[in-house]
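To keep things clear, I will list the structure first and then write my remarks on it.
Only the coordinates and a few stated rules stand behind these numbers; no lab work does. Treat the numbers as computed from the prediction; the structure is a model and nothing was measured. Please note: Cβ atoms are built from the backbone with ideal geometry, for glycine as well, and neighbour counts cover all protein chains shown.
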């Protein structure tokens, strides 16, 4: 372990505080162990910084924290916030309290939930937004003399340095492109839920899983980190990394001595409302249905796209046929009202390989199917169009595919950069002698899922049943899961293909684990919810052909949640063009909890298409 570090220096506030006594009311002592391996979830601290509302009530005690300032900075202070009431403001400082976990025995993990907002910093000379803080610690656990530590930053950088080893993941200074996403866009309150388990850690932001890292003990024993967090002397807010933490606010800190459930991970209804993807009431048809809308007179809703988010739009296009431009048009802009303060158009793109805007000149086009403009103008009437806007840090890609009624396909792709990747951006559609009708089921906000295991099972299809699995895919209430993969099979049995399990939000075979259903590609399954479900299918009529067709088949699998009802649809397209479609519908739980899904092989091998695996939720409800 490193004994000498260059940690940020500090100035102790001239604020006299009292330390906790051993009888501080963090909760009751551990109950007898009995036979319960993992007792119920237990919160050991709740800090909301609010004073007592009535005489005799217990509110936040300012003396329970020490308050500090970084060199040349300002001391941390509890103050009023317009959205959250009393919060801890760290302008250029930090705070420390006794670790509330030290009076308890950690069980299967340690968890924290809290609201946090990082300051939006603007360069005074250029007026441009500065880089976000990815290296300053949101919080840290440390021993009494600061020689051991565990800290976490805004992009999920977790670093542990203890006497029993060192570990880190998601270091933002690493050269691995795309592995260090900003989890907390600046200038907004976000709800964060962090769990450190015996086998890794997970992070949820605003109810959506952003990181879930699992390690074998041979890679690193995360149980050491759990025990360190439970036994460390201090909990720091805004301190603990090698660099000072920039200005931030934090509120409603809760600490648990075990793994939290989906209820605690989901964004509370109090505080800031959920992220606003759609502005205004849904507009399903944009433009007059006689294609009389003039340019820049008829618009869709604003669709707001967060950092590293994506959106898929599907609609039917209608055109006057007068010009190549009399079709759909899309604008990507700053998060502001059209023509208002702060409004800038990154790009306006048309269906005919043309555009303009601040980011347009540095972008690149690619296209397929274009070449006959007379045919194009005719083909775009009634064409089914899919437009996908994808953000990866500052890079923005717009993919548009139009399928004409006669089967002709026009595809255009435009790549450029918009801002620095930390801002929310907006998209909206514009009519010009045209109108569009949205497909409400397929117009969705997309959240990429982290794929650690893209290839499942041995390539020679020798893997037996229940031996190899995909990553877990956690599906919160109100979200849906989309997976695409290539299926390979030994061909021995109908079941030697893909299989999927939908279960409770728990580790396979662990505490709280229940299988709602296990479904196979050959219209078969089992599980707690299976008996009350219903099947629908298309294309299944020859099992000999099926076994042959599934080799190399491209599979699209959707798991849709509507309250308690879960609908699983899988469409497999074989190399020879045969299509097999199966749909299974049943109820899983009460619809409020997160469910998990994972793929299983059985004499098969699956290759996930990582770019087409994501959570999605309808935008036009």
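Of the Cα atoms belonging to the chain, the radius of gyration and Dmax stand at 26.8, 83 Å. In this calculation the C-beta distance from residue 368 to residue 41 is compared with R0 = 56 Å, giving a FRET efficiency of 0.60. The share of C-alpha pairs in segment 458-565 whose separation exceeds 19 Å stands at 51 percent. Site pair residue 276 and residue 344 shows an inter-label distance of 2.2 nm when each label is modelled 7 Å from Cα along Cα→Cβ. Computed from the C-beta positions of residue 590 and residue 188 and an R0 of 45 Å, the FRET efficiency is 0.90 to the nearest 0.05.
Exposure proxy for 204, 614, 277: other Cβ atoms within 10 Å of each Cβ, ordered fewest to most, give 277, 614, 204.
Work out the FRET efficiency for residue 565 and residue 82 from their Cβ-Cβ distance, taking R0 = 41 Å, and round it to the nearest 0.05.
Rounded to the nearest 0.05, the efficiency is 0.55.
Grab the DSSP H runs of the chain that are 4 residues or longer, score each as -39,500 (n - 2.57), total them, divide by all residues and round the 222 nm result to the nearest 500 deg cm²/dmol. Don't skip to the answer; put the middle values down first.
Values: 4 runs with 27 residues, N = 621.
Roughly -1000 deg cm²/dmol at 222 nm, from the helical runs in the chain.
Name all residues of segment 542-571 having a backbone nitrogen under 20 Å from the label point set 7 Å from the Cα of residue 524 along its Cα→Cβ direction, giving them as ranges. Taking a point 7 Å out along Cα→Cβ of residue 524, the residues of segment 542-571 whose backbone N falls under 20 Å are 542-553, 568-571.
Distance between the 7 Å Cα→Cβ label points at residue 375 and residue 406: 0.7 nm. Each listed q (0.10, 0.15, 0.20 Å⁻¹) maps to a log10 I(q)/I(0) for segment 278-446, found by the Debye formula over equal Cα scatterers with no solvent: -0.33, -0.78, -1.43. Summarising the label geometry, the points placed 7 Å from Cα in the beta-carbon direction at residue 233 and residue 166 lie 2.2 nm from one another. Of interest is the spacing of the C-alpha centroids, which for segment 302-317 and segment 402-432 amounts to 9 Å.
Taking 37 °C and 0.692 mPa s as the conditions, I'd like the Stokes-Einstein D for segment 266-377 in µm²/s, using the Kirkwood hydrodynamic radius from alpha carbon pairs.
Details: Rh = 16.7 Å.
In µm²/s, the coefficient rounds to 197.
Could you let me know the centre-to-centre spacing of segment 65-112 and segment 502-529, using Cα atoms, in angstrom? That distance is 41 Å.
The fewest-to-most ranking of 451, 208, 502 by surrounding Cβ atoms within 10 Å reads 451, 208, 502. When you restrict to C-alpha pairs under 8 Å that are six or more residues apart and normalise by the size of the chain, the relative contact order lands at 12 percent. Among 366, 359, 46, the order by Cβ neighbours within 10 angstrom, fewest to most, reads 366, 46, 359. If a spin label sat at a point 7 angstrom from the Cα of residue 578 along the line to its beta carbon, the backbone N atoms of segment 584-621 nearer than 19 Å would be those of 604-605.
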